[in-house]
Structure formats: C-alpha cells, structure tokens
Amino acid sequence: MSQLKAPPATLRLSVDTDALADNWRVLDKMSGAAKAGAAVKADAYGLGVDKCVPALRDAGCQSFFVAHWSEVEAVAKHVPPAWISVLHGVLNEAEMDYACESGACPVINSVEQAKAWNATNGLVCSLMIDTGINRLGISPDEVGVPAIQALEVDVLMSHLASADENSPENARQLGTFNLCSKKIAHKTLSLANSAGIALGADYAFDLTRPGIALYGGVPRAELHGQIKQVAHMQAAIMQTRTLKPGDKVGYNGEFVADQSMPTGVVSLGYADGFLRSRGPGSALLHGEAVLPILGKVSMDMVVIDLTAAPHLKEGGWVEVPFDLPHAARQSSLSQYELLTTLGSRWAHS
Ligand SMILES: *Cc1c(COP(=O)(O)O)cnc(C)c1O
C-alpha cells in the first residue's frame, strides 16, 4: 500500500497566490502607517499554510498569527519563528517549554499566564487586553498588576467584537485600548482585524491583523471591489442520468422532476464543506452555464440539473461558486465558516 499513489482527486481547490498577495498589499496600504500582519490560523483559514504563508511572506508580511501551538511548526517552515504569535497563550508547562524552545511568541492572556511566563526569565511575549469581547485577555483593570507590568511586551493587542458593524462598541473598545496602552510598556500596538482596518486610521495603530479579507472575504462594504477571490474550486461529475417526470432526487425525495431532464451526480458533499444550506436555490457552474442543485446535499455528492450544459458527461468538471460574500448571503453561513469547513478531500494546487 505504501508505494501506491492515490489517483487524482475528484475535488480541486486552487489557491490564487497572486490574488492573496494583492489582498495583503491592499490591506497593508489601507492600514496606513501601520504594517499589516496575517492571521494564518486553522491552516490559513482552510486554504493551506504551505501555499499561503510563502506568498504572504514574499509580499512583505512579517507577522503571522496562529491560535494553537500545534500550528507553529507548519508556519515556521516558511518564516522565522519570531515572526509567529500564538493567540491562545501558554496554558501549562508543556506549552511554556514549547514556546521557549520554538522561539514563537505567546500572546499572554491572563495574570496567571503572566506569572508563569515571568518565571521563565521573562522572554519577550505579546499581551492581549480584553476591551469588551469577553473572550481571551486580561481585563483593563488588571493592567497595573505587578506580574503584568513585569512582562516584556512586544505587541500589546486587543480584539474588536463588532468591527463588521457600525456599532458604538467599536469606538468604546478603541477608547479603552488607548487608555490601557498608556499604562503598560510595549513595542507595538495592534487592534484591527480585517473589518477593523476598514474602520479607519484610528484603529490601525502599528500592526494590523487581517485574516478573512486576505482569503477573499469582504466583511465590510468599504472593502468591496478591493478584495479579490482567492479560492477557486472544481468538482467532477461521476454519473449522469435523465430523469423522467415524477422522479425524485436525493434523501427524502425533496426534488421532484416535472419534466424529462438531464442530471449529473457531482463528487461534492457536506463533508467537503458544501453544507446542506448551500443547496436550496443554489447552483454549480460550467462556464456561463448555471446548473441548479436538485434535492438535498449528501455527505459525498450533490445532484445538478444539466439542462444548461447537456454535453457534460462522467469525468467532466463543474465549478463550485466561491465568491465568499455571495455564498454567505445565499447560504446564511459566515464567510469564515465557508472557508474553514472545507475538509480534507480537496486536492490543493
Ligand atoms: C482570527 C483573528 C484575527 C483575524 O480576524 P479576521 O476577522 O479574519 O480578519 C485577528 N485577531 C485575532 C485575535 C484573531 O483571533
């Protein structure tokens, strides 16, 4: 078995690294005097660290954010470990040891973590302040605690809860972050994610942390027309058949043919991130031809109407539309969920 090479996959995901690099440059420019970093957690939002990190590095990015320590090694194949920050911080001794040995930078999230980190001889770290999202981070009233003051902070950061909306919370979090920044020594300040960059210069500080918009997401209207699609997907047709009037398609027979029609069974299902909510009213594409989805999406397949492309047969390929804002509206999934649930059966190129 070990010598056997699997045949080519029936699902293809191509990452347009030029578009990715262009998106980073656009976000870096929009960040003004601040430098843009890149959130590359969750395997670069599902698009692949090995593909995305070198492209971002070559475009000029020097700060990379992951969530887990298990994500460091893959990123460190492409950039110096000191360029990598781990957002989940250091939870225990094993993580602390790994942080010291790997040279990646932990984002300290609590007074307890700060105490433990100081005991490692106070290597450089970053510090998260929770200014209102109530996830990770010290609270603003903990800034003066000696263990926090003793940290050697590289990036002092916070995270916006509602940057994708015109919420008064944005200005409130900004105000809190500004106040905290005066009370603790740091090298750089960082607040904005992708949507935060679009909120304007006040939010940019020294370093921005875009994620979703690098990969083609458009979380705010200001970014519309500036961000390019990065992921392009194709799936193979495995079988074709002609339905007769009255034939039902898929689990629970939710689609019933009212006339004779050619259909194709496509190698794409919810295990590949094409969730059931992407079925109703949606379609796959072949060039200009729109191929509506018929019935429920299964785990490994979906059935499409081939009326607009009757020449397509077994072994033919169809495109999976992946304009993120459009797919999010159609499916009520978030642009983030669309990217990060793609699964492992796609052949990346
Ligand atoms: C994921 C993440 C980002 C990137 O956010 P996007 O909305 O994808 O741009 C930035 N900062 C932190 C702390 C994050 O967890």
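Side notes on the structure shown:
- Test: residue in the stretch 305-326 that is open to solvent by 20 Å² or more (accessible area, probe 1.4 Å), under 19 Å from V218 (Cβ atoms) and free of Cβ contacts under 8 Å to residues at least 12 places away in the same chain: yes
- Of the candidates L123, L179, the single residue that is modelled with pLDDT of 95 or more and more than 16 Å from the ligand (Cβ to nearest atom) is L179.
- Candidates in the stretch 82-95 are the residues that are within 19 Å of V53 (Cβ to Cβ) and outside any loop (DSSP other than H, G, I, E, B); of these, the one that is farthest from the ligand (Cβ to nearest atom) is A82.
Yes/no per residue for (1) of a type in the set (A, V, I, L, M); (2) open to solvent by 60 Å² or more (accessible area, probe 1.4 Å):
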| residue | (1), (2) |
| --- | --- |
| N23 | no, no |
| A34 | yes, no |
| V40 | yes, no |
| L47 | yes, no |
| V72 | yes, no |
| V79 | yes, no |
| L91 | yes, yes |
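- Residues of the stretch 96-121 satisfying the condition of being in a loop (DSSP other than H, G, I, E, B) and open to solvent by 20 Å² or more (accessible area, probe 1.4 Å): G103, S110, A119, T120, N121
- Members of the stretch 140-154 found to be charged (D, E, K, R) and open to solvent by 50 Å² or more (accessible area, probe 1.4 Å), listed by number: D141, E142, E152
The values are calculated or read from the model by the stated rules, or taken from the named source; none is laboratory data. Keep in mind that what you see is a predicted model, and the values were worked out from it rather than measured. Neighbour counts run over all protein chains shown; Cβ positions are idealised from the backbone, glycine included. Accessible surface is based on the protein model in full, side chains and every heavy atom, while ligands, DNA and RNA are left aside. Shrake-Rupley method; radii C 1.70, N 1.55, O 1.52, S 1.80 Å.
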